[in-house]
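K.L.:
After the structure tokens below, expect a handful of questions from me.
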Amino acid sequence: MRFLLALSFLTCIPVSLKRTMTEEDLGHATRWFPLVGAVIGLILWGVFRISSSVWGAYVAGASTLAVWAALTRGLHLDGLADTFDGLGGGVTKERALEIMKDSRIGTFGAVAIFCLLTLKLAVLSSMGSELSEWIFVAPVLSRWSMVLAVAGFSTARKNGLGRRFKSYCGVTEMVFASFLGLVPVVALTGWKGLAVMGGAGLTMWFVGYRISSSLGGLTGDSYGCICEVVELFVLLSGTAVASL
């Protein structure tokens, strides 16, 4: 049931939940985030392979990116934009958090989304079918990094989405999520995947530390920002180490 909760939260896939979910369910559901990432990755991998065989590399990259955004409802892109707007426009912690609550996208957020999507499109369009396993791996490791961020950093607000996740996400969720992330990554990409996974963890820590230093902790938007940055890191580093 908690896997279905995680699936319904992180994707637009219709899910029927048989009972009302509690805050405890939400926190414990984080352990299933990498498995949700695997579902996302499998769909994206299929879209990429079919598109590349029919239309070629550029259309395959663009269509995969479009499905990627639609499948996740742009949830993490919104977090990326809000985080960059807050960090870029907020002189104080209070002002940054106030900006992040604004539903409008500012200049910093728009530039961040543009740069990230452009880089993703470039990587996907230059990726041959022999490297397409990294399209599967990227969502797995990015959702795994979210669990590490929830468990490893304090929250910036006393109330909010970040606090709801944090209350019941601890060592057990982190270990379980790490196992779910490690198995498919190593099975598909071997030691290269293990190296990229380590790099993804360091990327999460660097981004999380930078945000936490400015805001006094992380927010729900911060988790989305970390997810997007780690996804891009995995795509870039994965395709880079593939030639080694």
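Values quoted throughout were computed directly from the atomic coordinates according to the rules given, and no laboratory measurement underlies them. None of the values given here were measured: they were computed from a predicted structure. No Cβ is skipped: glycine too gets one built from the backbone with ideal geometry, and neighbour counts run over all protein chains shown.
K.L.:
If I require 24 Å or longer along the helix axis, counting alpha carbons, and a Kyte-Doolittle average no lower than 1.6, what helices from the chain are left? Use full DSSP H segments. Before the final figure, lay out the partial values.
P.N.:
On the way: long enough: 33-54 (32 Å, 1.75); 107-126 (29 Å, 1.91); 133-152 (28 Å, 1.28); 171-215 (38 Å, 1.18); 220-241 (31 Å, 1.23).
Result, helices passing both filters: 33-54, 107-126.
K.L.:
Which whole-number percent gives the relative contact order of the chain, counting Cα pairs below 8 Å spaced six or more residues apart? Walk me through the numbers on the way to the answer.
P.N.:
Details: 386 pairs, mean separation 67.8, N = 244.
After rounding, I find 28 percent.
K.L.:
Could you tell me what % of all Cα pairs in the chain have separations over 23 Å?
P.N.:
47
K.L.:
Report the label-to-label distance for Leu17 and Ser129 in nanometres (one decimal), using points 7 Å from each Cα along the Cα→Cβ vector.
P.N.:
Going by the 7 Å Cα→Cβ label model, 4.0 nm.
K.L.:
Let me ask something else about it. Measuring from centroid to centroid over Cα atoms, what is the spacing of the stretch 27-100 and the stretch 173-225 in Å?
P.N.:
After rounding, the separation between the Cα centres reads 15 Å.
K.L.:
Where is the GNM fluctuation largest for the chain (alpha-carbon springs, 10 angstrom cutoff): Arg73, Arg210, Arg19?
P.N.:
Fluctuation is largest for Arg19.
K.L.:
Can you list the residues, at least 5 places off or on another chain, whose amide H is less than 5 Å from the amide H of Thr155, using H built in the peptide plane?
P.N.:
Here Leu218 satisfy the definition.
K.L.:
Can you show me the helix-derived [θ] at 222 nm for the chain, built from DSSP H runs with n ≥ 4 at -39,500 (n - 2.57) apiece and divided by the number of residues, rounded to the nearest 500.
P.N.:
It lands at -26000 deg cm²/dmol.
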